[in-house]
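Okay, so here's the structure we're looking at.
The values are calculated or read from the model by the stated rules, or taken from the named source; none is laboratory data. On a predicted model such as this, the values are computed, not experimentally measured, just so you know. Here the Cβ is made from the backbone with ideal geometry for all residues, glycine too, and neighbour counts use every protein chain on show. All accessible areas refer to the heavy atoms of the entire protein, side chains included, with ligands and DNA or RNA removed. Shrake-Rupley method; radii C 1.70, N 1.55, O 1.52, S 1.80 Å.
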Amino acid sequence: MKISLITVCFNSAETIADTLASVDAQSGVEIEHIVVDGASRDRTLQILNDHAKPWRLIVSEPDEGLYHAMNKGLRLASGEAIGFLNSDDFYASSGTLARVASVFANSSVDGCYGDLCYVKRDHPEVIVRYWRSSPFRPGLFRQGWCPPHPTLYLRRSLYERYGGFNLDFQIAADMELMARFLEVHRTNTVYVPEVIVKMRTGGASNHSMSNVILQNREIWRAMTMHNMRPSLLPFFSGKALARCQQFLRRPS
């Protein structure tokens with residue numbers, strides 16, 4: 001099978017080379033890599049051109065933000081399964097995508113996800129947080145649970161059936177999409193209990209307190225929109241407990 005990877009970037013010269021090298025190192029699987037650049041003004045395009053591959057499509061033009069660019073990538077994707085790799089993230093190993101492809105060998109599986117490590121921005125070998133996920137069961141989103149979106153792979157047919165990212169959300173459209181697919185439509189997803197992606201700290205949702213507040217408001221709105229409005233205390237206490245555990249745990 002072919003896996004389509006979508007990387008959205010803007011002025012990402014500091015980290016994009018590591019992301020591209022991580023994709024190029026993948027073995028044992030057919031890859032289509034779609035890079036959607038928002039008309040970067042730094043050296044991002046030069047770096048992208050230096051890493052040109054026959055299976056890498058580069059689109060550079062102004063867009064309307066992260067999720068608009070992600071939807072653009074979805075429209076261009078032709079693989080049977082689709083995943084997103086952010087421009088400051090990289091894969092945990094050269095066999096990561098082969099492991100993902102092996103899960104999709106089961107035709108009844110709609111998607112899969114795994115674990116994620118947050119690493120220091122300037123020292124990516126140092127783990128800051130370890131997001132260990134778990135198998136999905138109905139009702140988990142009401143408890144503040146969701147899988148790490150950068151580790152999520154879904155069949156392209158699901159996006160064709162249920163749609164892409166809802167642009168009414170500025171910072172939590174990925175969570176809304178996952179709740180829509182897993183809780184509302186009950187897609188058959190499999191948890192892969194290993195680190196899939198390493199993510200540098202400093203992402204959009206956590207780099208300021210105002211963004212943290214906005215994200216939580218949007219998550220609450222998404223839950224309400226899908227008739228999953230949780231009880232306030234269990235929801236936020238569940239999120240807080242999970243966050244604390246991420247700082248204490250380390251992958252084995």
Cβ-defined net charge surrounding Arg249, 10 Å radius [Lys, Arg +1; Asp, Glu -1]: +2
Accessible area of the chain divided out per residue, in Å², using a probe of 1.4 angstrom: 46
Positive-end residue of Ser60, Tyr118, Asn71, charge dipole of region 6-137 with Cβ unit charges: Tyr118
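I'd like the projected area of region 78-153, averaged over all directions, using the convex hull of its alpha carbons. Report it in nm² with one decimal. Don't skip to the answer; put the middle values down first.
Details: hull surface 25.7 nm².
Over every viewing direction, the Cα hull of region 78-153 projects on average to 6.4 nm².
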Two-decimal Rg/Rh across region 1-42, once Rg and the Kirkwood Rh are taken from alpha-carbon atoms: 1.02
For q = 0.09, 0.18 Å⁻¹, Debye-computed log10 I/I(0) when each Cα of the chain counts as one equal scatterer: -0.37, -1.72
Evaluated at q = 0.10, 0.16, 0.17, 0.21 Å⁻¹: base-10 log I(q)/I(0), Debye formula over Cα of region 146-252: -0.32, -0.87, -0.99, -1.48
Of Ser237, Gln170, Thr189, farthest towards positive along the dipole that unit charges on Lys, Arg, Asp, Glu beta carbons give region 160-249: Ser237
Cα-based Kirkwood hydrodynamic radius, region 1-71, one decimal, Å: 12.4
Inter-part distance where region 1-69 and region 118-182 are each reduced to a Cα centre, Å: 20
Where only alpha carbons of region 136-193 are counted, the Rg and the Dmax (Å): 11.1, 32
Rg in Å to one decimal, and Dmax rounded to a whole Å, for region 192-252 via C-alpha atoms: 14.1, 38
Net charge over other residues, Cβ less than 15 angstrom from the Cβ of Arg200 (K, R count +1; D, E count -1): -2
Tilt relative to the chain, helix 232-248 - C-alpha long axis, 0 to 90 degrees, to 10: 50
Protein accessible area in the chain, 1.4 Å probe - carbon and sulfur %: 51
Ala92 long-range amide H proximity, modeled H, under 5 Å: Val197, Lys198
Given charges at beta-carbon only (K, R positive; D, E negative), |dipole| of region 116-247 in Debye: 200
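Can you give the local net charge around Pro150? Use residues other than it whose beta-carbon is closer than 12 angstrom to its beta-carbon, Lys and Arg +1, Asp and Glu -1. Display every interim value, and only then the final one.
Details: positive: Lys198, Arg200; negative: Asp88, Asp89, Asp115, Asp174.
Result for the local shell: -2.
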Note, ³J(HN,Hα) from phi for region 113-128, Karplus 6.51, -1.76, 1.60, rounded to Hz, x at Gly and Pro: 8, x, 9, 9, 10, 7, 10, 4, 4, 8, 9, x, 7, 9, 7, 9
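When only C-alpha pairs under 8 Å and at least 6 residues apart count, what is the relative contact order of the chain, in percent?
Values: 463 pairs, mean separation 55.1, N = 252.
Contact order relative to length: 22 percent.
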Dipole in debye (nearest 20) - the chain, about Cα centre, beta carbon charges: Lys, Arg +1; Asp, Glu -1: 900
With Cα atoms, 0 to 90° folded angle of helix 209-225 axis to the chain main axis: 70
Rounded tilt (10° steps) of 66-76 against the dominant C-alpha axis of the chain: 60
Length-normalised contact order for region 99-178 - Cα pairs under 8 Å, 6+ apart - percent: 27
